[in-house]
Amino acid sequence: MAETTPQSTPIVTGMDQPGPQAAAPSTMESVAPPNLTQAGAPAYGEPGAATQPSTTVPAGAPAAQPAAPPPHAKLLAMVQGLSEGLSAAATSISTHGREGGAAQVQEMRQSRAAAQQRAMAATQAQKDAETRNKLMTAQTNEINTKNIFNNATLPDEIAKSHLQVSGEKQTQAITGADFQAAHGGMKPEEFSKQLDNTTPLTEQGNSVNPFFLNQGQSVLRAAQTANIPPTNPAVKNLTDVLADPKATAKAVYMATTQMQAEQDRQAKATEQRTKQETAEAGGIVGKLSTPEALAAPGAQAAIQARIDDPNTSVADVTRLRTLLPQAAVAQLNAENIKAREARNQQLVNQGTPETAGRLLADRSLTLTELKSRQVTPKFIADAIVAAQKFDPTYKAAEAEAQGRIAASPANSQFFGNTDSLLVRGGTLDQLGAAYKALGNTEIPVINKLDNLRKAAVGSGPLAAAYAAQLGVADDYSKVMSGGTGSDTSRQQALDIMSVNLSPEARDAAINQIRSAVTSQRNGRVGTNPYMKDMYPDPSRRQETPGQSGTQSAAPRTPPTGVPAGSKLMQVPGGQPHWISPDKIPAAQKLGATEVQ
Amino acid sequence: MPETVNLKKSYSALNEKIAKLYDESGVRRSFTVPYVEGQPMADHVAAVGQAAQQNGGLTANLVTSAHHSDGKGWGSGDGHTVGHPAEKLRQTIIPKDDERAKAAIDAAQKHINGLKFLLGDDEPTVQTAQGQLNLVKPTSGAGMNLFDLGVLLINIMHTPTQAVARAHSGTKPGGHSPNRRAPVQEEAQGGQETQETAQGGAEAPGEAPTAAQAAPGAPAAPEQAQG
């Protein structure tokens, strides 16, 4: 009694091939038997009917015979050509050669050819239409057959409940089957029983389903493939449990579930971060914070213009402010590299291979730079020999690689980020000054980046402190992540700063960040001598608001005429000034702090 | 509202009305192949193919198959498959207020009502079929040619009929997506009803089961072709 929906409909005899007159219009209706229903005569196949159908078509008869050419076709063509020629000649004579002649004959022929083409196209269109009609008829017959076959799979009398009740049961069955598929073939009750089993999984001959152990190992391998560090608590827990000879099914299952949840969380966080970083890279801040944009002349003015633009969003304004010192450092680095190039060009132009060799040896000149100075191969070879005289450890290939690495855009960006923090008057100093302006006021803890961005827009020393915090967090994030930064690493920096509320603790936080960044910087410079030359020590440079690039650090000795005991003080965002001792309290009230 | 519907019967009635429309509109049949009591469906289909081939083939004739509602009726061997010349059907226009065309459209509506009853009014395939039928209902097909109306009434039934067959098949172990189900044995253990019960015992006592029900793949008797 099993019923099935036919997987493939049987091919009705004759439906898989065209009828004997498929290529030509059917004329069968003209010779079709009389309407049997009306006449009441027995039909073909019925008792009493003729043994053969009333009409037959000889198999293999050609669908249509090509039309025979008319008699004397050649003669007719000659006569037609002659008459066309005569007509054209007459026209030419009557119009004194303006019309007629060969051109008219040609026109006549073209016109005749076009008419023939139109006739052929019309014939073809008619054939196409006939073919379409035949196809439609055959398809309808097929669909009618399919409908009949589909109906044949149904019970004669069918109720709605026949489909619905079974459907619900099937859904339950599918749910049960899915559970079993995901739990090593165990039914829910069997699975619960296994979880209660206290027999260690690794015990010989235990009755525990191997699913628990296999799934745990599989999830751990997946975590390792996804580069989740072994120090991650979930990974560590699962590793420990799997290594424990007394681990039960429940313990392994719990650890596996925890690991899976951790993986899901990390995947979601990565996805969210990627989306955010993509959006940031395409925004105003993203475009202005590329290494090229920061090092471009006028970058600070462009950033300032965006800050002043009332259409710029609050969040972008605070992040744009942090770009100002970065632009200053990036421009200094660019100018430094440009100055190196100019100096080297001059030395090479005016000097000898010996001079160039000395520059190569002290790493003032890279081999790539030398090659770009339009010197001869002999000059280069002589310079390298000379360099090895000055420094026997000089190796051309190694030096070239070091030089190329030092000048890479990635390093240019990295040192831009570190130096905007470390340079005198940079973001770390700005933060220190902002904290000092607050005195003993406690900074309300703002532990969410978005809230900090909102709080940083405003006036007063507290807003300045928040803005400075944000600037440091942004630079720190870029340094630590080695790239464009992310909100996760910004939040890390914020965590360092926000939890320290006393003035001493604030200083400690700043020092902690300074040490971390300096360490990153020193690590990057390493033993590459070119980096030391291209990216000089930032502590010897001064970031001055409103001025392009950085300048040499301001002398700490007061100029002539400044009263003794005066201090160099600065209001956040303003110029440093020497303040006489009697005016220091008033300046402090305005938020000025001593420049370190 | 009836408890059950008989789709085989309503579809057979639709075919009968279409054939009647063609006959009484003056289009001569190309061929008529009657059902034969006890004849397997495959033999009947072969006979239809042969008759069609001798009359221009299945590309030149529109085929309908039905039981005689005024004879022994549906479920018997009293029926036939007829072919009408497609070209002649195309040339014949349905006049205004044609009762035969109205009867064919009404038969189509009745079949769709049965499909709606089983699948629900919001089933997309049924909605589409009803929408297409609604296009011809106001005019009863007046102005259309016989071929186009017949093709419409047959074609619009295809997807909802398929949906019903599929839904019904889905209730059986050998139906669609068998890999997504729990083992058959477990279903039986779970107290699922038997196949006979699932079909509701709708067949009248003494009625022969359909060929498809009797054995998958076995040819069906002609009377079951239209159910």
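The values are calculated or read from the model by the stated rules, or taken from the named source; none is laboratory data. Owing to the predicted nature of the structure, the values given are computational and were not obtained by experimental measurement. As a convention, Cβ positions derive from the backbone with ideal geometry for all residues, glycine included, and neighbour counts pool all protein chains shown.
Below, the figures for the structure above:
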item	result
Extreme residue, surrounded by the fewest Cβ atoms within 10 Å (Cβ to Cβ), among residues of the stretch A:138-162 that are at the interface with another protein chain (Cβ under 7 Å from one of its Cβ atoms) and of a type in the set (D, E, K, R)	A:160
Condition broken by residue B:135, with the remaining ones in (1) surrounded by fewer than 17 Cβ atoms within 10 Å (Cβ to Cβ); (2) closer than 19 Å to residue B:26 by Cα; (3) hydrophobic (A, V, I, L, M, F, W, C) satisfied	(2)
Filter pass, residue A:189 being assigned to a helix (DSSP H, G or I), of a type outside the set (Lys, Arg) and farther than 23 Å from residue A:176 by Cα	no
1 or more residues farther than 28 Å from residue A:530 by Cβ and modelled with pLDDT under 70: qualifying helices (runs of 4 or more DSSP H) within the stretch A:386-481	A:449-455, A:461-481
Flag if residue B:171 is at pLDDT 50 or above, more than 29 Å from residue B:76 (Cβ to Cβ) and either surrounded by 14 or more Cβ atoms within 10 Å (Cβ to Cβ) or within 10 Å of another protein chain (Cβ to nearest Cβ) (or both)	no
Of all residues in the stretch B:43-63 being within 18 Å of residue B:8 (Cα to Cα) and at the interface with chain A (Cβ under 7 Å from one of its Cβ atoms), the one that is modelled with the highest pLDDT	B:63
Considering residues of the stretch B:19-37 that are more than 7 Å from chain A (Cβ to nearest Cβ) and more than 17 Å from residue B:71 (Cα to Cα) only, the residue surrounded by the fewest Cβ atoms within 10 Å (Cβ to Cβ)	B:26
Residue that is surrounded by the most Cβ atoms within 10 Å (Cβ to Cβ), among those in the stretch A:191-214 that are closer than 21 Å to residue A:260 by Cβ and modelled with pLDDT under 80	A:201
In the stretch B:64-91, residue nearest to the other protein chains (Cβ to nearest Cβ) [restricted to those that are free of Cβ contacts under 8 Å to residues at least 60 places away in the same chain and among the small types (Gly, Ala, Ser)]	B:83
Candidates B:82, B:27, B:63, filtered to the one that is farther than 30 Å from residue B:126 by Cα, in contact with a helix residue (DSSP H, G or I) (Cβ under 9 Å, 6 or more places away or on another chain) and not in a helix (DSSP H, G or I)	B:27
Test result for residue A:330, assigned to a helix (DSSP H, G or I) and touching a helix residue (DSSP H, G or I) at 6+ places or on another chain (Cβ under 6 Å)	yes
Qualifying position, being β-branched (Val, Ile, Thr), more than 30 Å from residue A:431 (Cβ to Cβ) and buried (at least 16 other Cβ atoms within 10 Å of the Cβ), among A:352, A:366	A:366
Residue in the stretch A:254-267 that is more than 30 Å from residue A:192 (Cα to Cα) and polar (S, T, N, Q) present	no
Near pairs, Cβ below 9 angstrom, 6+ apart or cross-chain, from the stretch A:116-134 (touching a residue at least 24 places away in the same chain (Cβ under 8 Å)) to any residue that is surrounded by 10 or more Cβ atoms within 10 Å (Cβ to Cβ) and in a helix (DSSP H, G or I)	A:130/B:87; A:134/B:86
Complete set of residues in the stretch A:314-342 that are in contact with a Gly (Cβ under 9 Å, 6 or more places away or on another chain) and surrounded by fewer than 18 Cβ atoms within 10 Å (Cβ to Cβ)	A:335
Any hit, the stretch B:75-93, residues being at pLDDT 90 or above, among the hydroxyl-bearing types (Ser, Thr, Tyr) and within 20 Å of the chain's Cα centre (by Cα)	yes
